[in-house]
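We did not get these values from a lab; they are worked out from the coordinates using the rules stated. On a predicted model such as this, the values are computed, not experimentally measured, just so you know. Please note: Cβ atoms are built from the backbone with ideal geometry, for glycine as well, and neighbour counts cover all protein chains shown.
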Amino acid sequence: MLYSSVNNPKIKQLAKLKTKKQRNKQNLFLVEGAHLVKEAYESGYLKELLLLENKTFNLDVETNYITENVLNLLTEVESPVGIIGVCTPKPMTLKGDKLLILDSIQDPGNLGTIIRSSVAFNIDTLIINDKCADPYSDKVIRASQGMIFKTNIIKKDLTIFLNELKGKIPIYGTKVDGGKDLKTLEKISKFAIIMGNEGNGVDQKLLNICDEYLYIPMNNKCESLNVGVATSIILYELTK
């Protein structure tokens, strides 16, 4: 089928998916470009493929076509290639014993970077709170380079979750200073590591639940690292 009108009811609903509220309400999200659409398809997220008319991209999924004016309504990129995937999030539950917990990571680029690193360093489950950026926003998906489709990610009230986790797996909080030098930490097979908000770090209520604190040693010319960079360094040291 060819969708040619921006006033088509289905197209108007899809255009609303640019907002977190509508993504949650419709339980759908969009991805753009051959690489991300293919990642979504191979991971079982892709529900429908929308192609710019006369474009080909062969996947075994419902495929419809759109005109350029419809593409311009749906796209969130400056130079759209005319390949859009309509996706449905997968239901996920807590699994594994290598856990990464994110307290109010608000920058989509940071969250995407952290998702990418969590896949690279074998994190079993990524736990976020409701103050984090939406993992299914276009900016997060792009920053993750499609690794969102290879991530087990759940949303929790972190205070309740950590109290339930206490005593089962060592819980490590992160601080700019104080605690244990990351380089001195012996290899551990089970852990929950908490990374905090870009401006405020980990909430003190969460730090109070931790078993131990970690920090990355660096020279005094630099007060702190970007949370995406810091997370990558910590995950590398914990899992190498």
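As an exercise, identify the GluC sites (Glu not before Pro) in segment 188-236 lying in DSSP coil whose Cβ has no more than 12 other Cβ atoms within 10 Å.
Counting only loop positions with at most 12 other Cβ atoms within 10 Å, the GluC sites (Glu not before Pro) in segment 188-236 are Glu223.
Which three numbers, in whole Å and largest first, are the semi-axes of the equivalent ellipsoid of the chain derived from its Cα gyration tensor as √(5λ)?
Its equivalent ellipsoid spans semi-axes of 38, 17, 16 Å.
What is the dipole size for segment 108-169, taken about its Cα centre, with +1 at each Lys and Arg Cβ and -1 at each Asp and Glu Cβ, in debye to the nearest 20?
Here the size comes out at about 120 debye.
Give the angle, between 0 and 90 degrees and rounded to the nearest 10, that separates the Cα long axis of helix 227-239 from the longest principal axis of the Cα atoms of the chain.
60
Please list, by residue number, every one of the GluC sites (Glu not before Pro) in segment 50-130 that is coil in DSSP and has at most 11 other beta-carbon atoms within 10 Å.
Glu78
Could you work out the helix-only [θ] at 222 nm for the chain, with each DSSP H run of four or more residues adding -39,500 (n - 2.57) and the total divided by the number of residues, to the nearest 500 deg cm²/dmol?
-8500 deg cm²/dmol
Would you grab the residues whose amide H sits under 5 Å from the one on Thr174? Only those 5+ places off in sequence or on another chain, please, with H modelled 1.01 Å from N.
Placed amide hydrogens put Ile194, Leu214 under 5 Å from Thr174.
Please compute, for the alpha-carbon atoms of segment 150-227, the extent along each of the three principal axes and give them in descending order in Å.
Ordered largest first, segment 150-227 gives principal extents of 38, 31, 29 Å.
Roughly what percent of Cα-Cα pairs across segment 98-239 reach past 23 Å?
Across segment 98-239, Cα pairs with separations above 23 Å total 27 percent.
Between Cys222, Cys210, Cys87, which gets the highest mean-square fluctuation from a Gaussian network model of the chain, Cα cutoff 10 Å?
Sorting by GNM fluctuation, first place goes to Cys222.
Restricting to Cα pairs below 8 Å that are 6+ residues apart, what does the relative contact order work out to for segment 98-239? Please round to a whole percent.
30
Cut-off 10 angstrom, C-alpha nodes, Gaussian network model of the chain. Which of Ile188, Ile153, Ile105 fluctuates the most?
Result for the chain, Cα springs under 10 Å: Ile188 fluctuates most.
Based on alpha-carbon centroids, what's the gap between segment 194-230 and segment 148-190 in Å, whole number please?
Value for the Cα centre distance between the two parts: 12 Å.
Can you compute log10 of I(q)/I(0) for segment 34-118 with the Debye formula, treating each Cα as one identical point scatterer, at q = 0.16, 0.21 Å⁻¹?
-0.79, -1.07
Taking H as built 1.01 Å from N, whose amide H comes closer than 5 Å to the amide H of Met218, not counting residues under 5 places away?
Sorted by chain and number, the residues that satisfy this come to none at all.
Please go through segment 92-180 and write out the trypsin sites (Lys or Arg not before Pro) that DSSP classes as loop and that have at most 14 other C-beta atoms within 10 Å.
Answer by residue number: Lys95, Lys131, Lys166, Lys168.
For labels at Gln22 and Ile233 in the simple 7 Å Cα→Cβ model, what's the distance in nm?
Each label point lies 7 Å from its Cα, and together they span 4.1 nm.
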